[in-house]
Amino acid sequence: MSIGEDRLRRLWLLFGASIALVGVFLFASAARAEDCGNGVELRLSAPDAPQGTLLLAQIRSARPLSEVSGRWNERDVTFWQDEDKEHGTSSLSVRKALLGVDLEKAAGRYEFKIAGQLQSGERVSCQTTIEVQEGHFATENLTVKKQFVEPNPEQVARAEAETKRLREIYDRVTPGRLWDGPFRLPLDGEFKGSNFGKRRVLNGHPGSPHGGVDFPAPTGTPVHAAQKGRVVLAEELFFSGNSVLVDHGLGVYTFYCHFSEIDAKVGDEVVAGTVLGKVGATGRVTGPHLHWGLTIQRARVNALEIVNVLGGS
């Protein structure tokens, strides 16, 4: 190796080490820790949360925990137990929970509280403040057929009844975690998802913000379950057309709709990759695409978030 090549190699190694240190610094800056007492620590994956995003909360304890619970968004938060993969050991007791920030949750500062108990009997508790920021979602003005903005009374009654039923389903929190491993995208290939949070103004009438991610794709493209779970709805709905809803446990639901055909039924136990149906244009849409939604404890969250946040879980 020449002197020039050796020098270049050392410079390259130094550059790589510098980048690694920057990465460690940024990770440490992003994660925030709170002391809960008795060697127990609460960490959040980020110090703040724009509307429609997802946070991962972790409770870390050097001693075994017997119980731990949280309170966020006026709802109870359930933690699941996990080994400390980051340090390659199970000696550290780690509990995790997902905190969803609804896409319409008002910007401001909110408290997240946790309480628990060690197996030795000592109680632990702490709280932290989460700053919810504006999501800055796009607005789109469209001119569409009258039927899309002015449903008749019969259709309105049907849509309201279906919305109520969906809310009742989302209110049910399956106690255990049904998913096992990282979440995946629902379509294979290079399909891109977008439009989450976009507010459409149809013929001058402002609509609700878009609660899912749209994947334009040809009719008949297979749609896959994002992770393991149980099908709790599989039918045609007024707005969303042929739809499938999967319960992943702990208040986590993924929603898939506008199918040309449904390949699942209520009660089916699915795994990551199970075909739920095929892309179509049923319901109130103007072209074939998949609408993919994510709800965490009633909070409407960008579905792409769970792929990133639980990529290694």
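About the Cα centre of the stretch 186-313, how large is the charge dipole given +1 on each Lys and Arg Cβ and -1 on each Asp and Glu Cβ? Please answer in debye to the nearest 20.
Working: 11 positive and 11 negative charges, 101 e Å.
Result for the stretch 186-313 is approximately 480 debye, rounded to the nearest 20.
Would you mind checking which residues have amide H under 5 Å from Glu235's amide H? H placed 1.01 Å from N; only 5 or more apart, or other chain.
Correct list: Ser243.
Using only the alpha-carbon atoms of the stretch 147-274, report the extent along each of the three principal axes, biggest first, to the nearest angstrom.
That gives 44, 34, 25 Å along the principal axes, largest extent first.
What is the set of long-range amide H partners of Gly207 at a cut-off below 5 Å, with H atoms built 1.01 Å from backbone N?
Arg200, Val201, Leu202
If contacts are Cα pairs under 8 angstrom and at least 6 residues apart, what is the relative contact order of the stretch 161-295 in percent?
Once divided by the residue count of the stretch 161-295, the mean separation gives 27 percent.
Rounded, prolate or oblate: pick one for the stretch 134-196, where a ≥ b ≥ c are the square roots of the eigenvalues of its C-alpha gyration tensor, a/c under 1.5 means rounded, and failing that, prolate if a/b is larger than b/c, else oblate.
Values: a/c = 2.31, a/b = 1.27, b/c = 1.83.
Cα axes put the stretch 134-196 in the oblate bin.
If you roll a 1.4 Å probe over the stretch 181-267 with all protein chains in place, what percent of the accessible area is carbon or sulfur?
Working: 1770 of 3260 Å².
Ligands and nucleic acids excluded, carbon and sulfur give 54 percent.
If one computes P(r) from the Cα atoms of the stretch 92-151, what percent of pairs lie at distances over 20 Å?
Values: 1030 of 1770 pairs.
Summing the P(r) tail past 20 Å for the stretch 92-151 gives 58 percent.
Could you put Arg109, Arg300, Arg71, Arg60 in order of accessible surface area, largest first, with the 1.4 Å probe and the full protein assembly present?
Values: Arg109 165, Arg300 75, Arg71 110, Arg60 15 Å².
Final ranking, largest accessible area leading: Arg109, Arg71, Arg300, Arg60.
Could you give me the ³J(HN,Hα) list for the stretch 51-66, computed from phi with Karplus coefficients 6.51, -1.76, 1.60 and θ = phi - 60°, whole Hz, x at Gly and Pro?
Working through the residues one at a time gives 3, x, 9, 10, 10, 9, 9, 10, 9, 10, 9, 6, 10, x, 9, 9 Hz.
I'd like the Karplus ³J(HN,Hα) series for the stretch 178-184: coefficients 6.51, -1.76, 1.60, θ = phi - 60°, whole numbers in Hz, and an x wherever there's a Gly or Pro.
8, 6, 8, x, x, 7, 10
In the stretch 211-313, what is the volume of the convex hull around the alpha carbon atoms, normalised per residue and reported in Å³?
90
Go through the stretch 303-310 residue by residue and turn each phi into a ³J(HN,Hα) via Karplus (6.51, -1.76, 1.60, θ = phi - 60°); whole Hz please, and just put x for glycine and proline.
Per-residue couplings from phi come out as 4, 5, 4, 6, 5, 7, 5, 10 Hz.
Quick check on packing: order 162-168, 139-145, 93-99, 305-311 by the mean number of other C-beta atoms within 10 Å, highest mean leading. Provide the component values of the computation, followed by the final result.
Working: 162-168: 12.9, 139-145: 10.9, 93-99: 22.3, 305-311: 18.4.
Result, highest mean first: 93-99, 305-311, 162-168, 139-145.
If amide H atoms are built 1.01 Å from N in the plane of the peptide, which residues on other chains or at least 5 residues away come under 5 Å of the amide H of Ala46?
For Ala46, whose amide H was placed from the backbone, the distant partners under 5 Å are Arg32, Leu56.
The values are calculated or read from the model by the stated rules, or taken from the named source; none is laboratory data. Remember, it's a predicted structure, so these values are computed and weren't measured experimentally. Every residue, glycine as well, gets a Cβ built from its backbone with ideal geometry; the counts of neighbours run over all protein chains shown. Heavy atoms of the whole protein, side chains included, go into the accessibility calculation; ligands, DNA and RNA do not. Shrake-Rupley method; radii C 1.70, N 1.55, O 1.52, S 1.80 Å.
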